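Enquirer: Quick one: the structure is below, questions incoming.
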Amino acid sequence: MLGNPGSYAHKKRKKPVLKQKKTSEGNDAVKSNPSKRHRDRLNGELDRLTELLPFSEDIRSRLDKLSVLRLSVGYLRVKSYFKATMKNSNNSLMLPGANGNNMDTAGFSEGDLLLQALNGFAVVVTSEGSVFYVSSTIKDYLGFHQSDVVYQSVFDLIHTDDRAMFREQLHFALNPPAAGAGGDGLQSCGNVVMYSPEQLPPENSSFLERSFVCRFRCLLDNSSGFLALKFQGRLKYLHGQRISKDNGTCNKPQLALFACCRAGPASGHCGDQS
């Protein structure tokens, strides 16, 4: 998940503007082309999928096809998590965007007030380093929009000198295995490292609490440097993801970092790093 150690995240490319083809006498031949009909159907489905994303029209209009698919998967995973955690609750849960409202305009004033009082942003990072969720207030601190970060590798945002430390914080014992390691109950599922339930501590264990400072890429200054962020949170089980094993059974929920991020003690911007 570390990717290229010398590369960092940047704002995502905008949706390309399609050139309009001039009409010609060969329109009938073009319409009968099976490949074109398939592309038209695919583009139509992607357009409908884009309209369902819980973002403002301004943001949706800038998304390319890969971003639409990435954000759709990320949103469905978050929805699955809330369904799993709230299945025994008597209160129904309506996610932002589930009723057609977008995330930027939904009337959750209480949640907005909590984020403002936080003076930072909330983030959930999976054990393999994927950004499962991040609050929209990340833009106020790092300059990245929510749609730029969701379901992307968190390591693309982190200073190269801090990536190993952050990876340790994602592990329940602060001792992550080497890439491709196995044995002792470890199961590799693509880039995801799975643990058998008996290996993982109880969710209320003090060993799962996390408090550390990490430098993140920041776009809000002219030097395009880094901002030191104070992470305060704990590892919690990420329910409702249902990652299947080779034998067809589903793995137990794995741990993820749930944290609040604020400007750290060394809140100044660090210099560039190539």
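Enquirer: Being at pLDDT 60 or above and surrounded by fewer than 17 Cβ atoms within 10 Å (Cβ to Cβ) is true for just one of 98, 178. Which residue is that?
Expert: Exactly one of 98, 178 is at pLDDT 60 or above and surrounded by fewer than 17 Cβ atoms within 10 Å (Cβ to Cβ), namely 178.
Enquirer: When the residues of region 137-174 are narrowed to those that are part of a helix (DSSP H, G or I), β-branched (Val, Ile, Thr) and touching a helix residue (DSSP H, G or I) at 6+ places or on another chain (Cβ under 8 Å), which ends up nearest to residue 69 (Cα to Cα)? Give the derivation first.
Expert: From region 137-174, those part of a helix (DSSP H, G or I) are 138-142, 146-149, 154-156, 160-169; that's our starting set.
Cutting the leftovers down to β-branched (Val, Ile, Thr) gives us 138, 149, 154, 160.
After this cut, where a residue has to be touching a helix residue (DSSP H, G or I) at 6+ places or on another chain (Cβ under 8 Å) as well, the list is 138, 149, 154.
Values: 138: 21, 149: 14, 154: 18 Å.
Per the stated criteria, the residue is 149.
The values are calculated or read from the model by the stated rules, or taken from the named source; none is laboratory data. All values derive from a computational prediction rather than experimental measurement. Here the Cβ is made from the backbone with ideal geometry for all residues, glycine too, and neighbour counts use every protein chain on show.
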